[in-house]
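The values are calculated or read from the model by the stated rules, or taken from the named source; none is laboratory data. Since this is a predicted model, take the numbers as computed values, not measurements. Note that we place each Cβ from the backbone using ideal geometry, even for glycine, and neighbour counts take in every protein chain shown.
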Amino acid sequence: RAAVRDRGYPFAEVFRSYDVHEDSLSARIRFELEPGARGRVDSVIVEGTREIAPDVVRRMIPIRSGAWFSQSALYRSQRDLYRLGVFGYVNVTLADSAPQGPADSSVAVRVQVTEGTLRRLRMGVGYGTVDCFRGLASWSASNVLGGGRVLDLTARVSKLGAGDPLSAGFENWPCGALKDEVGTERFRLNYNVAASLQEPFLFSRLTRGTVSLSAERHSEIQAYRRDALSANLSVTRETRWDLPVTAGYSVSLTRTFAEPAIFCSFLSVCRLEDAEPFSEQRLQSMVTLGFVRDRSNSVLDPTRGSTLSAEARYASRLLGSDSLIQFAKGVMELAVYYPIGRRTTLAWRVRGGGIVSPALGFGGQSVRYIPPSERFYAGGANSVRGYGQNRLGPVVRVVNPERGDTVLSRDSPGTEVRRFVPDTLTAATGGNSLMIANAELRFPLPGCGARLSGAAFVDLGQLFERGKELVDFSKTRVTPGLGLRIATPIGPMRFDVGYNGYQPEAGPLYRKEGPELVLLNPLYRPGRSGAWVSRHLVFHFSVGQAF
């Protein structure tokens, strides 16, 4: 019946009958189709609008006067109107319950809507092991300037109490993951202030556009800090395969701060003053292209289906970008979910990516520079969970004689002396290639009800630096673990424990001596100290599934 109604027969009916033959244990089933008259849509009736004009509703649906009737077009219309985010209720049906006559060839479509709240204010606070305390405030207005346009104003802050100038000592507790950030450029309050305007009808109901302005400071633990003023323009097109494709252009005034030892290790730029140009404010001009194919049954907690996404970025002097900010980057991810029984799910994900950059003349040598904020990093609650945030992959270490602790030690039997032990700072260098794979079994816990469930997972992955070394897959790290999930209205609250049986990553060890960095050991590997739990177990707390 649905197939016939999609071909212009709005009142098609299918009648079934059957005969059962008990002696032969068989049955005959008969289907009779009554298509009725073929009909075109003669009008679209819109009911329930208050501030949004009925013509806005009509142009956002695929039903047009004069077109042959299609049942699936009714469903698509309802879905598209809900996607606007301005309606609390949508129902798209035939206005006629029966044909007016045997030769009637026209029908009317009724669109019933109830407008949702057109002005919304949201505020929230939260906590994360890496972000410490954080806050959010946003205000949105729908149907701005008519046409269903949406204006969003948002402000976010994180690392409250564990970042200058609002540090309150929380880096010691309860945000201990940030303790090693003290004294670095990354030990700063993070923020993002943004304004965006979305146009839902850009030349076509299948195309929407967004323009936004933002100011942000974002830091990644043990990696980098990025300050940026940005303007972005993006266009999203719904394709015939229900695959939204997004193209964008962004221009930013950006500064990126990273440990000078990273530039010494990769670019042989070891004088501190020679590394200063890498942290100067520069112009980044970039185009992006990406898509998301979501066939999962839930955004918050999928149990069946799959999600495929890909994104490509390109920054070049041809687009107006600074000569030091030129690269091409690609990332692809596939996640699949299989239901096993009523409440058990087997989920797996693979993610990979690569970056290339042109050779540039810098300091009398040829270098291939990739901004630290565009490099790949791995490890963390949504990556390889046997490692802390950004702690998987290549690292550099720096002995800082200006910072450290005074400890008591025995110089000779019965004699105690005070010695100054300098700090050793560890910084993740990231990589230009990424490979991550995850497998997770999500299952109910007997006797714990529907809100509590468990998980067993295995994560593997590694970062590589093509061009500097051969890609060695034997360096891939595999970390198993267990987790606990508590169902909430905003997604599962997640507690994960990953096991790490590996030694710390070996890497260059430098010492600051005046204006230079001096290499002490090209493959320094510190020993592990502390209890077995702190040496081998990594704990994560977050909201939402890992993938």
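Filtering the range 107-135 to residues that are of a type in the set (A, V, I, L, M, F, W, C) and closer than 30 Å to G8 by Cβ leaves V107, A108, V109, V111, V113. Whenever a residue of the range 223-245 is within 24 Å of G430 (Cα to Cα), its partners that are not in a strand (DSSP E or B), lying with C-beta atoms within less than 6 angstrom and at least six residues away or across chains, give the pairs A223/Y377; A223/N390; Y224/P372; Y224/S373; R225/E185; R225/R186; R226/S373.
Please go through the range 483-508 and give me each residue that is in a strand (DSSP E or B) and over 24 Å from G461 (Cα atoms), ordered by number.
Quick first cut of the range 483-508, residues in a strand (DSSP E or B) only: 483-486, 493-499, 507-508.
Scanning the range 483-508 gives I486, M493.
P99 meets all of the listed conditions (1) modelled with pLDDT under 90; (2) at positive phi but one, namely (2).
Only one entry of V251, V211 meets the criterion of being in contact with a strand residue (DSSP E or B) (Cβ under 7 Å, 6 or more places away or on another chain) and touching a residue at least 24 places away in the same chain (Cβ under 8 Å), and that entry is V251.
Say we look at the range 520-547 and pick out the residues that are of a type in the set (A, V, I, L, M) and free of Cβ contacts under 8 Å to residues at least 24 places away in the same chain; which of these is nearest to A275 (Cα to Cα)? Let's see the steps before the verdict.
Taking the range 520-547 first, the residues of a type in the set (A, V, I, L, M) are 520, 523, 531, 533, 537-538, 543, 546.
Those left that are additionally free of Cβ contacts under 8 Å to residues at least 24 places away in the same chain: 523, 531, 533.
Details: L523: 22, A531: 39, V533: 39 Å.
If we take residues in the range 520-547 being of a type in the set (A, V, I, L, M) and free of Cβ contacts under 8 Å to residues at least 24 places away in the same chain, then L523 is nearest to A275 (Cα to Cα).
No other residue among D472, D496 is among the acidic types (D, E) and more than 21 Å from F376 (Cβ to Cβ) apart from D496.
Condition first: among the small types (G, A, S), at pLDDT 95 or above and farther than 19 Å from G124 by Cβ. Now tell me which residues in the range 142-177 satisfy that.
Kept after step one, since they are among the small types (G, A, S), are these residues of the range 142-177: 142, 146-148, 155, 158, 161-163, 167-169, 176-177.
Okay, now just the ones that are also at pLDDT 95 or above, so 155, 158.
Across the range 142-177, there are no qualifying residues.
The set of residues in the range 513-531 that are of a type in the set (D, E, K, R) and either part of a loop (DSSP other than H, G, I, E, B) or at positive phi (or both) comprises R525, R528.
Checked against (1) in contact with a helix residue (DSSP H, G or I) (Cβ under 9 Å, 6 or more places away or on another chain); (2) at pLDDT below 95, L243 passes all but a single condition, namely (1).
Under 9 Å by Cβ, and 6 or more places apart or on different chains, what pairs join a residue from the range 40-59 that is hydroxyl-bearing (S, T, Y) with one that is assigned to a helix (DSSP H, G or I) and buried (at least 16 other Cβ atoms within 10 Å of the Cβ)? Every condition considered, the pairs that remain are T49/V56; T49/V57.
Just to be sure, is R208 in contact with an Asp or Glu (Cβ under 7 Å, 6 or more places away or on another chain), of a type outside the set (S, T, N, Q) and crowded, with 17+ Cβ neighbours inside 10 Å? Against the criterion (in contact with an Asp or Glu (Cβ under 7 Å, 6 or more places away or on another chain), of a type outside the set (S, T, N, Q) and crowded, with 17+ Cβ neighbours inside 10 Å), R208 qualifies.
Tell me which residues, restricted to the range 278-298, are of a type outside the set (F, W, Y) and more than 22 Å from A215 (Cα to Cα).
Filtering the range 278-298 down to residues of a type outside the set (F, W, Y) leaves 279-290, 292-298.
Residues satisfying the conditions are L289, G290, V292, R293, D294, R295, S296, N297, S298.
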